[in-house]
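The values are calculated or read from the model by the stated rules, or taken from the named source; none is laboratory data. Model, not experiment: these values are computed from the prediction. Cβ atoms come from the backbone with ideal geometry, glycine included; neighbour counts cover every protein chain shown. Surface accessibility is based on the protein's heavy atoms, side chains included, excluding ligands, DNA and RNA. Shrake-Rupley method; radii C 1.70, N 1.55, O 1.52, S 1.80 Å.
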Amino acid sequence: MTVDHLERAFAFLRRGDVRGTAERPSRFGVAVLTPELPLRYDSNLLYVDRPLATPEELGAEADRIFSEAGLRHRAILFRDAEDGERAAAGLPGWQAERHVVMVQLREPEPVETEGVAELGHEGVRAARERMISSYEWGTPTVAAQLLDYKPLLERWVSVRSFGALEDGVVVSYADLYAGGDEAQIEDVATLPEHRGRGHAKAVVSRAAEEARASGAGFVFLVADAEDWPQELYRRLGFDIVGQYVKLLRRGE
């Protein structure tokens, strides 16, 4: 684990992607809240960056904070992955999500990006809505709130959206969040029937190129620790510098 890289990535995440319009102190860290978008869990979570007492105490603290905020779900992000694993073992009924933080530290393999265009948030909105609706949890209301976070995010960092097109239709997309010397590539997806054609590689490559061109010396992304896209990102020069754990209990 490269501590400096990981700390830098987390600092940027807290500036943008893991941020809300309100925060409340907790003895375990800080409650990030966004009352106007209650279904975006990354904007409504307990961010834990202090030593734990017991998983039971942490669960009780989450229940208190989320109940007071009128939220039905529970979400906890552990800055320290080992703390997250200990809590996961002691909080039955919670879903554990494991993520790796990857930084572009090497030269990427050459990728053709001619078919990728910068389209803006509205330009990729239809593809995003379709992708979200393919998930079990992807209701129209959830999709609307996830999409409505993009304009809110622009209060804190710049947001650019890139899409790969086939016959004029967006089939793959990625966002670039940037501020100062840091940039994050986020929200990468390809519609299922268009996978296996190099689209994800192209949109990520284009976003990274634009990040470098705009002056970012530090480019990173977050990937599912248990899924294959991290192998694609390795081919594009990204290496794992650390990981974190989220625990989730969805509202009924």
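For the pair Asp224 and Gln95, label points projected 7 Å from Cα toward Cβ lie 1.0 nm apart. Highest mean packing comes first when the peptides 181-194, 141-154 are listed by Cβ atoms within 10 Å, giving 181-194, 141-154. Counting alpha carbon pairs within less than 8 Å and at least 6 residues apart, what relative contact order, in whole percent, applies to the stretch 1-151? Normalised by residue count, the contact order of the stretch 1-151 is 19 percent. Gain on full extension, evaluated as 0.36 nm per residue between Glu23 and Ser134 minus their Cα-Cα distance, stands at 36.8 nm. Helix 120-133 and the long axis of the chain differ in direction by around 60°, with both axes built from C-alpha atoms. Three principal axis extents of the chain based on alpha-carbon atoms, in descending order, are 52, 39, 31 Å. With a simple spin-label model that places each label point 7 Å from the Cα along the Cα-to-Cβ direction, the separation between Glu193 and Arg50 comes to 5.2 nm. Under a 5 Å amide H cut-off, with hydrogens placed 1.01 Å from N, Leu91 pairs with nothing among residues at least 5 apart or on other chains. When the solvent-accessible area of the chain is split by element, carbon and sulfur atoms take up 49 percent of it, the probe being 1.4 Å. Probing with 1.4 Å while keeping every protein chain in the model, the per residue accessible area of the stretch 186-251 equals 42 Å². Remark: the stretch 1-155 carries 50 Å² of accessible area per residue (probe radius 1.4 Å; ligands, DNA and RNA excluded).
Here the stretch 22-38 is scanned for amide nitrogen atoms under 20 Å from the site 7 Å beyond the Cα of Thr141 along Cα-to-Cβ, giving 33-38.
For the chain, adding -39500 (n - 2.57) for each run of n ≥ 4 DSSP H residues and dividing by the number of residues yields -11000 deg cm²/dmol at 222 nm. For the stretch 50-120, the alpha carbon convex hull comes to 194 Å³ per residue, rounded to a whole number.
Residue separation of Ala60 and Arg72 scaled by 0.36 nm, minus their Cα-Cα distance, works out to 2.9 nm of gained length. With R₀ fixed at 22 Å, the C-beta to C-beta distance from Asp148 to Arg235 puts the FRET efficiency at about 0.10. Counting only alpha carbon atoms, the long axis of helix 3-15 and the longest principal axis of the chain meet at about 90°. Applying 1/(1 + (r/R0)^6) with R0 = 30 Å to the Cβ-Cβ distance of His121 and Arg250 gives a FRET efficiency near 0.70.
Helix 199-213 and the long axis of the chain differ in direction by around 90°, with both axes built from C-alpha atoms. The GluC sites (Glu not before Pro) of the stretch 54-143 that meet both conditions, a loop assignment by DSSP and at most 12 other Cβ atoms within 10 Å of the site Cβ, are Glu112, Glu114, Glu136.
Over all Cα atoms in the stretch 116-227, the spread is summed up by Rg and Dmax: 13.7, 39 Å.
Fully extending the segment from Glu36 to Glu82, taken as 0.36 nm per residue of separation minus the present Cα-Cα distance, adds 13.3 nm.
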